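Visitor: Let me give you the structure first, and then I'll get to my questions.
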Amino acid sequence: MRKYIQFSVTLIVLLGLTACSSKRERQPQYMPDMYVAVPYEADGAVKVSSNISSNRKPVEGTIARGKVPYEYTDTNEGYEKAKEQLISPLAKNEENLDNGKMMYGIYCATCHGTKGDGNGVLSQREKFLGIPNYKDRDITEGSIYHVIMYGKNLMGSHASQLTHKERWQVVQYVEKLRNDLMK
Amino acid sequence: MKSVYLHNRISKLLLKSVTFVLLFLMSFSVYSQDVDEAKQGEGKKLFKSLCASCHKLDKKLVGPALAGVEERRENDWLKKWIRNNAELRASGDRDAVAIYDEYNGANMNAFPQLTDQDIDNILYYTTVGDPRSKASESTEVVATTQKEAPGWLIYILAAIIVTAFLIIASLLKTISELKGAPKTPGLLGNLHELWIGVKQNTFLHVVGTIFFLLVAAYIGFGSLFSVGVDQGYQPIQPIAFSHKIHAGDNQIDCQYCHSSAKHSKHSGIPSVNVCMNCHKNISEVAENTVLVTEEKTYRKADLDKEIQKIYKAAGWNSETLEYTGETEPIKWIRIHNLPDFAYFNHSQHVTVAGVACQKCHGPVETMEELYQFSPLTMGWCIDCHRETKVDLKGNEYYQKIHEQLAKKYGVEQVTAAQLGGLECGKCHY
């Protein structure tokens, strides 16, 4: 009798060893220190179980490499000023327009619609309501850029998702859409 | 006593249901008597297209909640304000200046194109509100009554049935033995005899050993090959976020949130400000949204709580609509992780090669809970590099070298592998 018990216990243990892979757990790692980077990784924490993210904001008064500072303030006055003064540094060419179209498709069209008429998917599905048609708004290069930087009313800032150049390319494409709509 | 109790309960139930039905009918009839549906529909249409980007009926948004605004302000004043609020403020109207200051100088657009009739329709809609939808109420009832039986119950039931059968069988056997039937050795006895037979047979010994070794090798190598390969890994994330709802139903582009994929090594997890770009407005999910995970079925009430977690992380007060400044990180659990000894760059694949995200990450737009679709092993990388033909259009700088390579390999279009995509040092250095 003891033999049978021993046999079945071994069998259960063996089966248990092979069968315990849950999709909620990672597979075992051989030498885990080769899987996990020693330096900080994007989206990581400074220490394990710390609440401090390894992504930090630039120190105040400094400009991160490749970034372009923006001097207009996030107020009504700043908006008016940007609307009058701010001019695109980019040349108006096909290349910029094409990339602008691509970026517009990713970051703007879900709400503003592929034509700029305010009839994007989120508008059709009534997640966002009252998205204006570009032709109904008195906008300029400067004001479009300003709104991408800071957002306006319900629209949030899209500065973190687009680079300086991409923002101006989107501006060029929005102006094109607006002109098409005005026709 | 018991019957009286039962009787009481039934009569109470009857009374309750009758009152409920009466109330329901009353509310319905009141509604249908009072509302001018044409006017309401017209107003609703205008409200949704012009006002709803900043106003809700029952809740403060960019501007104040507009339900019952007619009771708070004069009709003439509202018309002036809606047509051109800047003019009204300039004329020195104290109410106008006060409300402007209360909302921190949020500029409301002027709507000179609206007629008196239009504005009256909008105001009518803000007063009567939406028609109550019967559909949503009934589905809610269905939702609460629907309850799934837990999975382990089935196993327990099966075990009980099997034990019952065994007990019955042994009882029957004992009864027949008591009645005088010859004693049989029983199941265990039979097995024992078989075992003794096997132990004495050398041929069976050899076959058994070979079989055992093969099985052991299969299991052993299988488990060794799964070391560090997390295909199908699906951890429980701190927020029940559904890619199906966001990328599938709402068709938000992958790169809207994972915006760093186009320029950087990482396709990072979006920071909370990106969530807030939409969720500043969307604080509640739609009525019939359901998210099913293995452990739990999330319905509207649960999902609204999940959105509150974003607000907590962003430090957003959804009552006053202001940031408090008290933020905390959301501890998402990383799924896709290449070992540190393999270099991978998202921008090279997304921007330069133009590979669709789904090629490696699978049908993410259908996943309610994200899991790792690909094995992310070296063999898997190399397979793709061997198969993928490189698009060389618009790349004049390298034209000559591309032509030479194509000639060398005798092909029309070179693959990533032929461009050097198999060299060790490309990924391991």
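Visitor: Could you tell me whether the range A:137-144 includes any residue that is more than 9 Å from chain B (Cβ to nearest Cβ) and under 19 Å from the mean Cα position of the chain (by Cα)?
Guide: Let us first name the residues in the range A:137-144 that are more than 9 Å from chain B (Cβ to nearest Cβ), namely A:138-144.
Next, only the ones that are under 19 Å from the mean Cα position of the chain (by Cα) stay: A:144.
Scanning the range A:137-144 turns up at least one residue that is more than 9 Å from chain B (Cβ to nearest Cβ) and under 19 Å from the mean Cα position of the chain (by Cα).
Visitor: Still on this structure, please answer the following. Looking at the structure I just gave you, is B:V292 facing chain A (nearest Cβ under 9 Å), surrounded by fewer than 18 Cβ atoms within 10 Å (Cβ to Cβ) and among the hydrophobic types (A, V, I, L, M, F, W, C)? Step through it out loud before you land on a result.
Guide: On the way: facing chain A (nearest Cβ under 9 Å): no; surrounded by fewer than 18 Cβ atoms within 10 Å (Cβ to Cβ): yes; among the hydrophobic types (A, V, I, L, M, F, W, C): yes.
Criteria not met by B:V292.
Visitor: Is there a residue being among the charged types (D, E, K, R), buried (at least 17 other Cβ atoms within 10 Å of the Cβ) and either free of Cβ contacts under 8 Å to residues at least 24 places away in the same chain or outside any loop (DSSP other than H, G, I, E, B) (or both) anywhere in the range A:100-114? It would help to see each step written out before you state the result.
Guide: Step one: list which residues in the range A:100-114 are among the charged types (D, E, K, R), which gives A:101.
So of that shortlist, the ones also buried (at least 17 other Cβ atoms within 10 Å of the Cβ) come out as A:101.
Applying the additional criterion that residues be either free of Cβ contacts under 8 Å to residues at least 24 places away in the same chain or outside any loop (DSSP other than H, G, I, E, B) (or both) yields A:101.
Taking every residue of the range A:100-114 in turn, at least one turns out to be among the charged types (D, E, K, R), buried (at least 17 other Cβ atoms within 10 Å of the Cβ) and either free of Cβ contacts under 8 Å to residues at least 24 places away in the same chain or outside any loop (DSSP other than H, G, I, E, B) (or both).
Visitor: Out of (1) farther than 22 Å from A:M149 by Cβ; (2) in contact with a helix residue (DSSP H, G or I) (Cβ under 8 Å, 6 or more places away or on another chain); (3) more than 9 Å from chain A (Cβ to nearest Cβ); (4) of a type in the set (V, I, T), the odd one out for B:I219 is which?
Guide: The one condition B:I219 does not meet is (3).
Visitor: Determine whether B:H205 is surrounded by 12 or more Cβ atoms within 10 Å (Cβ to Cβ) and more than 30 Å from B:V292 (Cβ to Cβ). Even if it seems obvious, please write down each step before you answer.
Guide: Numbers: surrounded by 12 or more Cβ atoms within 10 Å (Cβ to Cβ): yes; more than 30 Å from B:V292 (Cβ to Cβ): yes.
Judged against the criteria, B:H205 is a match.
Visitor: Residue check, B:V411 against (1) free of Cβ contacts under 8 Å to residues at least 12 places away in the same chain; (2) under 24 Å from B:F225 (Cα atoms); (3) more than 14 Å from chain A (Cβ to nearest Cβ), all met but one. Which one?
Guide: Going through (1) free of Cβ contacts under 8 Å to residues at least 12 places away in the same chain; (2) under 24 Å from B:F225 (Cα atoms); (3) more than 14 Å from chain A (Cβ to nearest Cβ) one by one, B:V411 breaks only (2).
Visitor: Every residue in the range A:134-177 that is among the β-branched types (V, I, T), crowded, with 21+ Cβ neighbours inside 10 Å and farther than 19 Å from B:N277 by Cβ, please. Before you say what the answer is, go through the steps one by one.
Guide: Looking only at the range A:134-177, we keep the residues that are among the β-branched types (V, I, T), and these are A:139-140, A:144, A:147-148, A:163, A:170-171, A:174.
When the remaining residues are screened for being crowded, with 21+ Cβ neighbours inside 10 Å, the result is A:144, A:147-148, A:170-171, A:174.
Matches in the range A:134-177: none.
Visitor: I need the full set of residues from the range B:337-391 which are within 12 Å of chain A (Cβ to nearest Cβ), small (G, A, S) and without any contact (Cβ under 8 Å) to a residue 60 or more places away in the chain, in order please.
Guide: Once the filter is applied, which keeps residues that are within 12 Å of chain A (Cβ to nearest Cβ), small (G, A, S) and without any contact (Cβ under 8 Å) to a residue 60 or more places away in the chain, the range B:337-391 yields only B:G354.
Visitor: Still on this structure: Might you let me know whether the range B:302-324 holds any residue that is assigned to a loop (DSSP other than H, G, I, E, B), among the basic types (K, R) and surrounded by 13 or more Cβ atoms within 10 Å (Cβ to Cβ)? Lay out the reasoning, then the answer.
Guide: Taking the range B:302-324 first, the residues assigned to a loop (DSSP other than H, G, I, E, B) are B:315, B:318-321, B:324.
Within this subset, residues satisfying the condition of being among the basic types (K, R) are none.
Within the range B:302-324, not a single residue is assigned to a loop (DSSP other than H, G, I, E, B), among the basic types (K, R) and surrounded by 13 or more Cβ atoms within 10 Å (Cβ to Cβ).
Visitor: Out of curiosity, is A:R178 assigned to a helix (DSSP H, G or I) and under 27 Å from B:I282 (Cα atoms)? Explain how you work it out, then say what you get.
Guide: On the way: assigned to a helix (DSSP H, G or I): yes; under 27 Å from B:I282 (Cα atoms): no.
For A:R178, the condition - assigned to a helix (DSSP H, G or I) and under 27 Å from B:I282 (Cα atoms) - is not met.
Visitor: Additional query: Would you tally the residues in the range B:222-259 being β-branched (V, I, T), part of a helix (DSSP H, G or I) and more than 11 Å from chain A (Cβ to nearest Cβ)?
Guide: Step one: list which residues in the range B:222-259 are β-branched (V, I, T), which gives B:227, B:229, B:236, B:239, B:245, B:252.
Narrowing further to those that are part of a helix (DSSP H, G or I): B:245.
Among the residues that remain, those that are also more than 11 Å from chain A (Cβ to nearest Cβ) are: none.
Result for the range B:222-259: 0.
Visitor: Under the condition of being under 21 Å from the mean Cα position of the chain (by Cα) and small (G, A, S), which residue from the range A:39-71 is nearest to B:H266 (Cα to Cα)?
Guide: So the residue we want is A:A42.
Visitor: Evaluate the range B:263-277: report whether one residue or more is in contact (Cβ under 8 Å) with a residue 60 or more places away in the chain, in a helix (DSSP H, G or I), within 24 Å of A:G66 (Cα to Cα) and hydroxyl-bearing (S, T, Y). Don't jump to the end; show me each part of the working.
Guide: Here is the first cut: in the range B:263-277, the ones in contact (Cβ under 8 Å) with a residue 60 or more places away in the chain are B:263-267, B:269.
If we keep only those that are in a helix (DSSP H, G or I) too, we end up with none.
Looking for residues that are in contact (Cβ under 8 Å) with a residue 60 or more places away in the chain, in a helix (DSSP H, G or I), within 24 Å of A:G66 (Cα to Cα) and hydroxyl-bearing (S, T, Y), one finds none in the range B:263-277, hence no.
Visitor: Another question, if that's okay. Kindly provide the set of residues from the range A:19-74 that are among the polar types (S, T, N, Q) and more than 9 Å from chain B (Cβ to nearest Cβ), ordered by number. First the steps, then the outcome.
Guide: Our first condition is that a residue be among the polar types (S, T, N, Q); within the range A:19-74, this holds for A:21-22, A:27, A:29, A:49-51, A:53-55, A:62, A:73.
Hits for the range A:19-74 are A:S22, A:S49, A:S50, A:S54, A:T62, A:T73.
Visitor: Could you pull out the residue among A:E77, A:E71, A:E126 that is surrounded by fewer than 15 Cβ atoms within 10 Å (Cβ to Cβ), free of Cβ contacts under 8 Å to residues at least 60 places away in the same chain and part of a helix (DSSP H, G or I)?
Guide: Details: A:E71 fails: part of a helix (DSSP H, G or I); A:E126 fails: part of a helix (DSSP H, G or I).
Of the residues listed, the single one that is surrounded by fewer than 15 Cβ atoms within 10 Å (Cβ to Cβ), free of Cβ contacts under 8 Å to residues at least 60 places away in the same chain and part of a helix (DSSP H, G or I) is A:E77.
Read-outs: derived from the displayed coordinates by stated rules, not from any lab. In this text, all values refer to a predicted model and were calculated from it rather than measured experimentally. Cβ: placed from backbone, ideal geometry, glycine included. Neighbour counts: every protein chain shown.
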